[in-house]
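Student: Input: one structure, supplied below.
The numbers here are math on the coordinates, done by the rules we state, and not lab data. Just so we're clear, the structure is a prediction, and the values are computed from it rather than from any experiment.
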Amino acid sequence: QVQLVESGGGLVQAGGSLRLSCAASGSIFSINVMGWYRQAPGKQRDLVAEITSGGGTNYADSVKGRFTISRDNARVFLQMNNLKPEDTAVYYCTFAWGTSRYWGQGTQVTVSS
């Protein structure tokens, strides 16, 4: 089992920045993917960014050029710059290997206009 704890969410004005952090613990497999998804009320949970244990990254088109994902072993970070109101959502950290996927509890990000 893997436990994930997120932090760093909050309220920010449009154009501002936030950095999300997530720490994984438990039965960590060395080859894995960690990332961030987000979900707004009444909408689906969608991929924001992900990063493999080898350092490869993938971003949603809506955040390219504004967000940067990075990791340090079992810790993953999301630097969010030039935030927009449409970025408002609950952000979930995720850890996946093989056919298993684990989720954090979520952290709220609210961007005001």
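Student: Report, for the chain, the % of DSSP beta bridges that are antiparallel, rounded to 5. If you can, show how the numbers build up before the last one.
Tutor: On the way: 41 of 45 bridges.
For the chain, the DSSP antiparallel bridge percentage is about 90.
Student: Still on this structure, please answer the following. Given contacts defined as C-alpha pairs under 8 Å and at least six residues apart, what's the relative contact order of the chain, whole-number percent?
Tutor: About 36 percent, as a whole number.
Student: Then there's this: Tell me the Kirkwood hydrodynamic radius of the range 1-95 in angstroms, computed as one over the mean inverse distance between distinct C-alpha pairs. Present the calculation step by step, with values, prior to reporting the outcome.
Tutor: Values: mean 1/r = 0.0736 Å⁻¹.
When all Cα pairs of the range 1-95 are included, the Kirkwood radius is 13.6 Å.
Student: Taking Rh as the Kirkwood radius computed over C-alpha pairs, what is the Stokes-Einstein D of the range 2-48 at 25 °C in a medium of viscosity 0.890 mPa s, expressed in µm² per second?
Tutor: Numbers: Rh = 13.1 Å.
The estimated diffusion coefficient comes to 187 µm²/s.
Student: If you don't mind, there's one more thing I want to ask. What is the spread of the Cα atoms of the range 54-113 along each of their three principal axes, largest first, in whole Å?
Tutor: 40, 24, 19
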